[in-house]
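Step one of this worksheet: look at the structure below.
All of the numbers you see were taken from the coordinates with simple rules; none came from a lab. Computed from a predicted model, the values in this text were never measured in an experiment. Cβ sites come from the backbone with ideal geometry, for glycine too, and all protein chains shown count toward neighbours.
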Amino acid sequence: LLGQVLTLAEDGRVTEEQAALVLPRTDMDFVAQLFDALIRKDASAGIMVVNNLVREGVQVQRFTQNALEFFRKALLLKLNSQLAMFSSLELSKEHEQQLLQHIENVDVGYLERMIRVFLSRAEEPNVTNLPQLPLEMAIVELTIGSTDTFSLL
């Protein structure tokens, strides 16, 4: 990847926009939007987030890992704010504030379920050319109900 980024260099300098053309990226804004949709149990909004991130070129697997880190941080904060020191996820002040507001209105069981569902969906084989499908199924399961009858296996 470094070699590809360096080929874009002009006068030995690479801009952030140039690097973004090559480097796999994720966007914490998408993670925060997805978390908000899941807390509100809005399947449509969650699926829109996932498809927008695919359209923007965000790698689904990387996004899923970032979402899991975000959900873990939410769980740790909900259990005890001092546990947040065990999370390596750094959030902007805005995202941190949104997270704190959301966890006031959600129970620990739902946060645990979010992590469990996303972990299980992340392990599903990619049987289609739709990398977002496991995430969409996770969103449906968390917002509407079980999707066991729609197993991808």
Inset, instruction - Report the label-to-label distance for GLN18 and SER81 in nanometres (one decimal), using points 7 Å from each Cα along the Cα→Cβ vector. - result: 4.5
Inset, instruction - Quickly work out the THR128-to-ARG113 label distance, labels modelled 7 Å from Cα along the C-beta direction, and quote it in nm with one decimal. - result: 2.4
Inset, instruction - Just tell me which lysines come within less than 20 Å, Cα to Cα, of LYS93; anything on the same chain fewer than 8 places away is out. - result: LYS73, LYS78
Legend entry - ASN52 versus LYS93: modelled label distance in nm, points set 7 Å from Cα along the beta carbon direction: 2.4
Legend entry - Added length on full extension, which subtracts the Cα-Cα distance from 0.36 nm per residue, GLN59 to LYS41: 4.1 nm
